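Bear in mind these aren't lab numbers, they're just calculated from the coordinates by the rules spelled out. Model, not experiment: these values are computed from the prediction. Every residue, glycine among them, receives a Cβ derived from its backbone with ideal geometry; neighbour counts consider all protein chains shown.
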């Protein structure tokens, strides 16, 4: 299972593979990558700007060399002039937290864990009304017969059903999201903040983001698939390897839980409720069920993750806000990391 977060986030796992048929060229390429890593790390240790290293991270990610990119990041952890924030999030003790304890921290779980996308819901209803009025107008203008109107209606419903069944609602989702971003600044900003929450939380917990998209149209252009929504992708082969082995560590589960909830938590902190992220919550719920968690144990895991993520994002609100601006400008992963590192003070981690 590759981590996958949709609405608005997605987590995808991409394993770095080297084909033996590449022969000596492949070996030379790997040596060249390793030499680049060592040279970049040496510059960072010498106190020079980490920016050249982060540029190399961007190059490795764009080339699909996720292991090399992660190696660069890990080599810089805690080094002078390196990265002080990656994987260093301050977290609360893990225990059973009651709903009252969450309320004492200003958290109403009903507003946070039951997102309803009213914006896209309104857009969808408006499109349905527009289609109905368009059909009536066409009937009058072109003097359609009842049979022609019936054929038009059946054709429209057939297309809508075909999209829902065969394409997973990809066409309608792309249309609704595009309209939402075009005509609703609130929706556009909410998606950006949502993804910034995923990005920042993942980075602080030690999971490297490898890319992001903020609209379904951008995701379609990048991935070439209608079933890929806007979201943030991560270098998550370590998680994938644990899942395949059948042994998911508590550390990895805690990381997954907090990152999955980071988007809805961000929306809740900014707006008092969450609209996006229903699929995030569903995937976390599915994971806990697959692990054989009882309802009580699952509730305990979710409550801890909610409180831990809320406190983390409150503590680093300034970094999240600056990161959201950078993501709205389409900055690279390396540039976003640089902003996080510049914004967060050493005393706050």
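Observations on the model:
- Cubic angstrom per residue, convex hull over Cα atoms of region 50-100: 135
- In region 50-111, Cα pairs under 8 Å separated by at least six residues give a relative contact order of 18 percent.
- Residue 171/residue 122 FRET efficiency (R0 22 Å; Cβ-Cβ; nearest 0.05): 0.70
- Most to least packed among 84-90, 104-110, 201-207, 305-311 [average Cβ atoms within 10 Å]: 201-207, 305-311, 84-90, 104-110
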